[in-house]
Amino acid sequence: MAKTTQTNRVLDARYIPLIGYAEAWELQKEYVKQIDKEERCETLLLLQHSPTYTLGTDRHPEHLLLDEEQLKERGISVFEIDRGGDITYHGPGQLVGYPLLYLEAANLDLHGYLRDLEQVIIDWLAKYGIVGGRKEEYTGVWVGDQKIAAIGVKFNRARSRRGFVTSHGFALNLKAGIGSEGFQGIIPCGITQYGVTSFEDLTGREMKPEQAAEELLPYFSRQFGFDQMSYRSLEHPADAGDDN
């Protein structure tokens, strides 16, 4: 677990049914600044995106296999962003989580933070009898040789105190067939020898993103040591900009 000396930690968790990538990215940046200034408590955004490819700082444009016309036909947007990692897909039927957390410089363990995110998902999968795990050379959560959750984060240096505020996060595949939808147009994270899977592909049962969001919260809160937690399911993306 990522170490912290903070006490009485409060997590504000919000679920957004569907939000465009650009809007969510701007929201993350706004919240990071507010958390840095201690104007907002630590926040977890849980949401779905419209079909989007994101290329991180380790980007390889050749891993995007579709041209502009094909992207337009499929209604998929493309963003070059500031998280770590290569290219991945976001779309409906996938739960995306953006933890915006303050990490103290004195106890900073960047790799530990990634392992904590993976552990939240591994523990939730175990609730359904799915054995999730890790591959030593890659981030994310794997079931055998198939990835069920991708992870890519950014550590934003805090300006008003010593430490970092996290942004970006994880994408958990829920809907069956998601691997043949968005992921077919890319080489996910540049990995050619392994595939992707989803909760429904593995279990044969449907899992709504909002249900997965609610179920993940206790695991997240425990893994990161929060003392209190609030949760809101928002009807409209604009509501996410409300004050704490």
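Return the percentage of antiparallel bridges among DSSP beta bridges fully within region 1-138, rounded to the nearest 5 %.
That works out to approximately 45 percent antiparallel.
Could you give the distance between the Cα centres of region 76-92 and region 145-197, to the whole Å?
Comparing the Cα centres of region 76-92 and region 145-197, I get a distance of 8 Å.
Which whole-number percentage describes the relative contact order of the chain, with Cα contacts under 8 Å and a sequence gap of 6 or more?
With pairs under 8 Å counted, the relative contact order is 28 percent.
Considering only DSSP beta bridges whose two residues both sit in the chain, what percent are antiparallel, to the nearest 5?
The antiparallel proportion sits near 60 percent.
Given the pairs Lys154/Lys208; Lys147/Lys208; Lys29/Lys127; Lys127/Lys208, which span a C-alpha to C-alpha distance of over 24 angstrom in this model?
Lys154/Lys208; Lys29/Lys127
Could you quote the convex hull projected area for region 1-124, Cα atoms only and averaged over all directions, in nm²?
For region 1-124, the mean projected area of the Cα convex hull comes to 8.9 nm².
Nearest 0.05, what FRET efficiency do Ser50 and Arg162 give at R0 = 41 Å with Cβ-Cβ as r?
0.60
Write down the accessible area per residue of the chain in Å², having rolled a 1.4 Å probe over the full set of protein chains.
46
Once neighbouring chains are kept in place and the probe is 1.4 Å, which whole percent of the accessible area of region 77-209 is contributed by carbon and sulfur?
Roughly 46 percent, rounded to a whole number.
Taking the Cα centre of the chain as origin, work out the dipole magnitude from +1 charges on Lys and Arg Cβ and -1 charges on Asp and Glu Cβ, in debye rounded to 20.
660
If each Cα of region 74-156 is one equal point scatterer, what is log10 of I(q)/I(0) from the Debye formula at q = 0.10, 0.12, 0.23 Å⁻¹?
Log10 of I(q)/I(0), two decimals: -0.29, -0.42, -1.30.
So what's the angle, to the nearest 10 degrees on a 0 to 90 scale, between helix 21-36 and the longest Cα principal axis of the chain?
On a 0 to 90 degree scale, this one is about 20.
Over its Cα atoms, what ratio of radius of gyration to 2.2 N^0.38 Å does the chain give?
Relative to the 2.2 N^0.38 Å estimate, the chain comes out at 0.96.
Can you tell me the length gained on complete extension of the stretch Asp82 to Ser233, counting 0.36 nm per residue apart and subtracting the Cα distance?
Going from the current span to full extension adds 51.6 nm.
In whole Å, how far is the Cα centre of region 100-138 from that of region 49-74?
Between the Cα centre of region 100-138 and that of region 49-74, the gap is 26 Å.
Based on DSSP H runs of at least 4 residues, each adding -39500 (n - 2.57), what is the mean residue ellipticity at 222 nm of the chain after dividing by all its residues, to the nearest 500 deg cm²/dmol?
Calculated from helices alone, the mean residue ellipticity at 222 nm is -8000 deg cm²/dmol.
The values are calculated or read from the model by the stated rules, or taken from the named source; none is laboratory data. It should be emphasised that the depicted structure is a prediction, and the values quoted were computed from it without experimental measurement. Here Cβ is always computed from backbone atoms with ideal geometry, including for glycine, and neighbour counts include all displayed protein chains. Protein only, heavy atoms only, side chains kept; ligands, DNA and RNA dropped before computing areas. Shrake-Rupley method; radii C 1.70, N 1.55, O 1.52, S 1.80 Å.
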